[in-house]
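Inspection log for the structure reproduced underneath, given as structure tokens.
The values are calculated or read from the model by the stated rules, or taken from the named source; none is laboratory data. These numbers were taken from a predicted model, which means no experiment stands behind them. Note that we place each Cβ from the backbone using ideal geometry, even for glycine, and neighbour counts take in every protein chain shown.
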Amino acid sequence: MHVSEGVLSAPVLIGGAAVAAAGVFYGLKKLDGEAMVSAALVAAAFFVASLVHLPLGPASVHLVLNGLVGLVLGWGAFPVIFTGLLLQALLFQYGGLTTLGVNTVVMAAPAVCVAFFLGPLAGRRGKMGALASFGCGALSVALSSVLLAGALIFTGENFRVIALASVVGNLPVMAVEGFFTAFIISFLLKVYPEMLPGLRIDQIPFSEKEVA
């Protein structure tokens with residue numbers, strides 16, 4: 001998912017930087033004091049997961065966890081993912097500084113989208129919640145792959161094959177992310193349901209509403 005330096009065209013880089021800046025600014029406004037602990041936890045998880053590469057023939061892919069970040073933080077996914085990508089670029093030379101905006105949009109925009117549409121369903125218990133959580137994990141990677149492919153295609157027609165390969169290569173990751181996200185959301189519902197922004201009070205077990 002990391003686009004390296006010197007690959008994308010100037011218009012794509014500028015457009016990605018503008019969208020990322022707007023998303024980070026708005027996301028910071030949405031992160032209050034109570035959400036900072038959650039932001040730190042998922043930022044660490046995102047940072048580490050992106051460093052674990054899975055072999056896929058002659059190449060490799062890696063976990064993203066952007067769907068999980070979106071479910072936990074909503075718009076806060078933008079500043080958290082931006083920070084993680086910035087540290088990866090500075091410390092490990094993954095991606096780059098000029099492509100930081102595009103990489104942020106590629107991973108953060110799908111995170112916000114899946115959280116908005118599937119977040120309330122993911123907060124439910126039972127099969128519906130599990131399926132929604134799986135969808136958040138899988139769809140976020142799918143959408144990120146499509147955005148990455150789009151950035152490459154808009155850069156030049158000669159990147160069409162690479163763009164298609166980026167989507168196909170991430171198909172196994174979609175399944176893995178779906179199952180992993182469903183597991184983590186199920187765990188959070190049991191131990192810390194307030195961590196999920198789409199969760200309603202009538203879905204929290206042993207809440208004050210039920211006690212009353």
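Across the range 154-200, the qualifying residues are those that are out of contact with any Cys (no Cβ under 6 Å at 6 or more places or on another chain), of a type in the set (Val, Ile, Thr) and under 22 Å from Val64 (Cα atoms), and the one among them that is surrounded by the most Cβ atoms within 10 Å (Cβ to Cβ) is Ile185. Screening Ala20 with (1) modelled with pLDDT of 95 or more; (2) in a loop (DSSP other than H, G, I, E, B) gives one miss only, at (2). Return a yes/no flag: does the range 96-108 have any residue that is of a type outside the set (A, V, I, L, M, F, W, C), assigned to a helix (DSSP H, G or I), surrounded by fewer than 24 Cβ atoms within 10 Å (Cβ to Cβ) and modelled with pLDDT under 90. No; the residues of the range 96-108 include none that is of a type outside the set (A, V, I, L, M, F, W, C), assigned to a helix (DSSP H, G or I), surrounded by fewer than 24 Cβ atoms within 10 Å (Cβ to Cβ) and modelled with pLDDT under 90. Over 28 Å from Ala10 (Cβ atoms) and not hydroxyl-bearing (Ser, Thr, Tyr): does that describe Leu188? So Leu188 fits the description; yes. For the range 129-143, give me each residue that is under 10 Å from Gly67 (Cα atoms) and among the small types (Gly, Ala, Ser). Those that are under 10 Å from Gly67 (Cα atoms) and among the small types (Gly, Ala, Ser): Ser133, Gly135, Gly137, Ala138, Ser140. Within the range 99-128, residues that are closer than 26 Å to Gly150 by Cα reach partners that are surrounded by fewer than 22 Cβ atoms within 10 Å (Cβ to Cβ) and polar (S, T, N, Q) with beta carbons closer than 8 Å, at six or more positions or on different chains, in the pairs Thr99/Ser4.
Scanning the range 23-38 for residues that are surrounded by fewer than 16 Cβ atoms within 10 Å (Cβ to Cβ) and over 25 Å from Val191 (Cβ atoms), we see that the one that is farthest from the chain's Cα centre (by Cα) is Lys29.
Kindly provide the set of residues from the range 117-144 that are among the hydroxyl-bearing types (Ser, Thr, Tyr) and closer than 19 Å to Val106 by Cα, ordered by number. The answer is Ser140, Ser144. Please identify the pairs in which a residue from the range 73-87 that is surrounded by fewer than 24 Cβ atoms within 10 Å (Cβ to Cβ) has its Cβ atom under 7 Å from the Cβ atom of a residue that is in a helix (DSSP H, G or I) and basic (Lys, Arg), counting only partners at least 6 apart or on another chain. Every condition considered, the pairs that remain are Gly74/Lys30; Trp75/Lys30.
Exactly one residue among Gly129, Gly119, Gly137 is assigned to a helix (DSSP H, G or I) and either surrounded by 24 or more Cβ atoms within 10 Å (Cβ to Cβ) or among the basic types (Lys, Arg) (or both), and that residue is Gly137.
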